[in-house]
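Input: a single structure, listed below in C-alpha cells.
A short reminder: the numbers here are calculations on the coordinates, not readings from a lab. What you see is a predicted model, and the numbers here were worked out from it, not measured in a lab. All Cβ positions, glycine included, derive from the backbone under ideal geometry; neighbour counts span all protein chains shown.
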Amino acid sequence: MSLPVKTALKDALLDTASELGVNLSDKEFKSALADLNRWLRREAQSGWVQTRDGSLTLIHEEYGEPYHSVTAGAVRECVDKFVKPSGILKKARELEEISILDIGFGLGYNVAVALTLLKEVNRNICVRIISLEKELPNKVPPLQGQFGNYHGGLLENPDQLRDEGISFELMLGDARKTIGSIGNFKADVVFHDPFSPYRNPEMWTYDFLRCVKEYMKEEGVWVSYTSSLSVRSSLYELGFKVGSSEPVGRKRGGTVASLKAPIKPLNKNEKQKLLNSPYACPMRDPHLNWDYLRILADYRLRVTLRERELSSARRKGI
Ligand SMILES: C[S@@+](CC[C@H](N)C(=O)[O-])C[C@H]1O[C@@H](n2cnc3c(N)ncnc32)[C@H](O)[C@@H]1O
C-alpha cells in the first residue's frame, strides 16, 4: 500500500461514481475527497516503539500504523481487547479443546498471550490455531516475561508446541484468498486484528466478514479492537449480535459479535449512531479482489447515498 496522490483519489471517486451511476454535487464531491484524504493520511514514523505498558511494538512502514495500540500498551491490548472479551478463558475451564482463527498474525502477540493465559487456566487444554497473515516482518520485537515462552515457540519452533496439545498453522498470503483453503475448521473465537478499516479496508468488508463467518461455530465469538460503524453494520447485516468491549487506552471500546453466544450489547448512544450515521454502512468487495482505494471510494459513495436518504427522511419527519 503506497500513499496515493491526490489525483488518484479524485479519479477513484469519479470512476466509482460513474460506475454506480451516481451524480455528485460539488459539495458532495469535496466532502468525499476530504474524507479519503483524511483516512489515508499517516505518520512517517517507522520501526520499534515502546508502548504504554512497557512492551514493544512495530510501526508498519507502508500502512504507517503500529501493530498494537501504543496508548493502551501492546500486551494490555491483547489481554483486554482480545483474549478477555472473547470469553475463551471461561471456555477453557469447561472445554477440552479450543479453536482460534487469528486474522492478522502480525508479531504473534495475540496468539502468544492467548496461549499463555489459556494454559494458566487449564494446563491440559488442547488449542488449535489457524493464523492468516499477508507478510511477516523481518524482525519481531520479542515478548518478555510470562508471555515470552510461547512467543518464542510460535516464532521459532511451532511444531514443538504439539507436545503441549497446541497445533498452530500459519497461512501466508492475502487472507481474502487463503481463507477459502482453511478446510474443516470451526472457530470458538476469532481474533480479527488487521490494521485499521480505513488503511486496510479489504480485511473489513461485508464480503470478507461473510467468509470469516463460515469458519465460526454458532456459539463462537468474534472480537476486534475497532468500533467502526461500517464494520458493526456489516456484522449486523450478516446476522451477528453486535456488542462492545470495555474501552482500553481510548474512549471507545472494541467490538464483540456472535451468532448465538450472549454478549454485552451496544449502549444506547452506540445503537443510535448505527441508525443515524451515514457512515454506518458496509464496505464492499464483491469479488474479494478490489484494491483498497476502490473499496474506500465505493464505501464513501455509499455514505453519500445514505446521507441523502437520511436527510430526505428527516425532511419528511420520519
Ligand atoms: C495490527 S497487525 C496484527 C497484530 C497481531 N495480531 C499481533 O498480535 O501481533 C495487522 C496484520 O494484518 C496483516 N494483514 C493486512 N492485510 C492483510 C491481508 N490482506 N491478508 C492477511 N493479512 C493481512 C498485516 O500484515 C499485519 O501483520
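Once C-alpha pairs closer than 8 Å and six or more residues apart are averaged by separation and normalised to the residue number of the chain, the relative contact order reads 17 percent.
This ranking places 211, 78 by how few other beta-carbon atoms lie within 10 Å of each, fewest first, which gives 211, 78.
With 10 Å bins beginning at zero, the pair-distance distribution over Cα atoms of segment 150-235 amounts to 14, 42, 34, 10, 0 %. Semi-axes of the equivalent ellipsoid of segment 47-285 are 26, 20, 18 Å, computed as sqrt(5λ) over the eigenvalues of the C-alpha gyration tensor in descending order. Estimated at 0.36 nm per residue, the fully extended path between residue 95 and residue 314 surpasses their Cα-Cα distance by 73.8 nm. Once the chain from residue 237 to residue 14 is taken as fully extended at 0.36 nm per residue, the excess over their C-alpha distance is 77.5 nm. Considering helices alone, the calculated mean residue ellipticity of the chain at 222 nm is -11000 deg cm²/dmol, with DSSP H runs of length four and up weighted by -39500 (n - 2.57) and normalised per residue. Quick check: from the Cα gyration tensor, does segment 151-197 come out rounded (a/c under 1.5), prolate or oblate? Judged from the Cα gyration tensor, segment 151-197 comes out prolate (a/c at least 1.5, a/b above b/c). Once both labels are positioned 7 Å from their Cα atoms along Cα-to-Cβ, the gap between residue 246 and residue 135 label points is 3.7 nm. Ordering 27, 119, 186 from the fewest to the most neighbouring beta carbons within 10 Å gives 27, 186, 119. Where both bridge residues fall in segment 47-285, DSSP classifies roughly 40% of the beta bridges as antiparallel. Per-residue Cβ neighbour counts within 10 Å put 60, 192 in the sequence 60, 192, beginning with the fewest. What is the local net charge at residue 109, summed over the other residues whose Cβ is closer than 14 Å to its Cβ (Lys, Arg +1; Asp, Glu -1)? After counting each charged neighbour, the total is -4. With both residues required to sit in segment 94-184, DSSP beta bridges show an antiparallel share near 0%.
Summing Lys and Arg as +1 and Asp and Glu as -1 over all other residues whose Cβ lies under 11 Å from the Cβ of residue 15 gives a net charge of -1. Using 0.36 nm per residue and subtracting the Cα-Cα separation, the extra length available between residue 186 and residue 160 on full extension is 7.0 nm. Note on the chain: with charges restricted to the Cβ of Lys and Arg (+1) and Asp and Glu (-1), its dipole about the Cα centre is near 1560 debye. Taken one residue at a time, the phi angles of segment 250-255 give Karplus couplings (6.51, -1.76, 1.60, θ = phi - 60°) of 6, 6, 9, x, x, 10 Hz. Gly and Pro are set to x.
Counting only other residues whose beta carbon sits under 13 Å from that of residue 179, what net charge do I get with K and R as +1, D and E as -1? Charge balance near residue 179 sits at -3.
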